[in-house]
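The values are calculated or read from the model by the stated rules, or taken from the named source; none is laboratory data. If you're wondering where the values come from, they're calculated on a predicted model, not measured in any experiment. Reconstructed Cβ throughout: ideal geometry from the backbone, glycine too, with neighbour counts over all protein chains shown. Calculation scope for accessible area: heavy atoms of the full protein, side chains included, ligands and nucleic acids excluded. Shrake-Rupley method; radii C 1.70, N 1.55, O 1.52, S 1.80 Å.
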Amino acid sequence: MPQITAYPAQYIAVLRGTSVKILITAGPTREALDPVRFLSNRSTGKMGYALAEAAIEAGHTVSLVSGPVVITAPEGLAEFVPVISAADMAEAVKKRFPDMDAAIMCAAVADYRPAEFSPLKLKKKDDDLILRLERTEDILKSLGAMKKSNQILAGFAAETDHLKENALAKLEKKNLDWIAANDVSASDRGFASSSNAVTLFGRNGAVHQLDYAPKKEIAEEIIRIILD
Ligand code: CTP
């Protein structure tokens, strides 16, 4: 019988029986105003895709639900679900979550969408245009309400100030097990950057400082801490 460590890394979790089914979201959402215009944000999907890749390499079964991005999905996904809007993402995620052992919401979901969608392209007028926006669903909060005691739920907190306070408030409000707090005020980390630095807060009071590093390394640490 060969030693378990003689197998490639991605088989070790399977052989040890520690492989889990995990749902990861990534990228921005787009909220349409008319057929050619939308509201969105600067997310590129790099952090979520790095998490998906790290989870695959650790031997887990990964479903990736992704907003529109230009990067390529990692090889070895169990499922890749492309979505456009927050409503699409909410539907895809809530349908799959009951069957998952864990979920990490890394997507930069738009908090608001245009209250009215114009099926015809809006024409400009001489006056200013005032847009009315309505709230989208807080998908992570919905998952927190659905969560069973054997499921692990993690989110991200993108903050420019009061990092710890705001992240812990989100952990509590959304009924999470973990939250990765991201300082998005510096241009060398967070949105659209290839590197990141996060502080991972656990429901049980655990605090892990993940220092500035490529997103792939941050992702490996997050997967190891959350799923071990
Ligand atoms: N999130 C979500 N649905 C939304 C908004 C956010 O599921 N409509 C998730 C994100 O994927 C992230 C977490 O909630 O994991 C926190 O997102 P963030 O933008 O930091 O915070 P918000 O909850 O939107 O609060 P605020 O914008 O007031 O900071």
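Simple point charges give the picture: +1 on the Cβ of Lys and Arg, -1 on the Cβ of Asp and Glu, and for the chain a dipole about the Cα centre of about 420 debye. Build a GNM of the chain with springs between Cα atoms under 10 Å apart, and of A55, A73, A167 the one that fluctuates most is A73.
Projected label points at T160 and K121, each 7 Å from Cα along the beta carbon direction, are separated by 3.3 nanometres.
Angle check, please: helix 215-227 long axis (alpha carbons) against the longest principal axis of the chain (alpha carbons), in degrees 0 to 90, nearest 10. Approximately 60 degrees, to the nearest ten. For the chain, set up a GNM with springs between Cα atoms under 10 Å and report which of E137, E31, E116 has the largest fluctuation. Of the options given, E116 has the highest mean-square fluctuation.
For a straight C-alpha distance cut-off of 18 angstrom, the lysines reachable from K164 (same-chain residues fewer than eight places away being disregarded) are K173, K174. Solvent exposure of the chain amounts to 54 Å² per residue of accessible area, where only protein heavy atoms count and the probe is 1.4 Å. For S187 and I84, the difference between the fully extended length at 0.36 nm per residue and the C-alpha to C-alpha distance is 34.5 nm. Antiparallel beta bridges, as assigned by DSSP with both residues in the chain, represent about 40 percent of the total such bridges.
Rounded to the nearest 500, the 222 nm mean residue ellipticity of the chain from helices alone is -8000 deg cm²/dmol, with -39,500 (n - 2.57) taken per DSSP H run of at least 4 residues. Can you pick out the pairs among K21/K141; K46/K124; K95/K216 whose Cα atoms lie more than 25 Å from each other? Checking Cα-Cα distances, K46/K124; K95/K216 exceed 25 Å.
Amide H to amide H distances under 5 Å link L133 with A115, where only residues 5 or more positions off or on other chains count and H is placed in the peptide plane. Considering the options A206, V83, I226, tell which one lies farthest towards the positive end of the dipole of the chain, charges being +1 on Lys and Arg and -1 on Asp and Glu at the Cβ, about the Cα centre. Positive-end residue among those listed: V83. Taking the protein heavy atoms of the chain in the context of the full set of protein chains, the accessible area attributed to carbon and sulfur is 51 percent at 1.4 Å.
Considering only G205, G27, G76, the Gaussian network model of the chain with Cα springs below 10 Å gives its largest mean-square fluctuation to G205.
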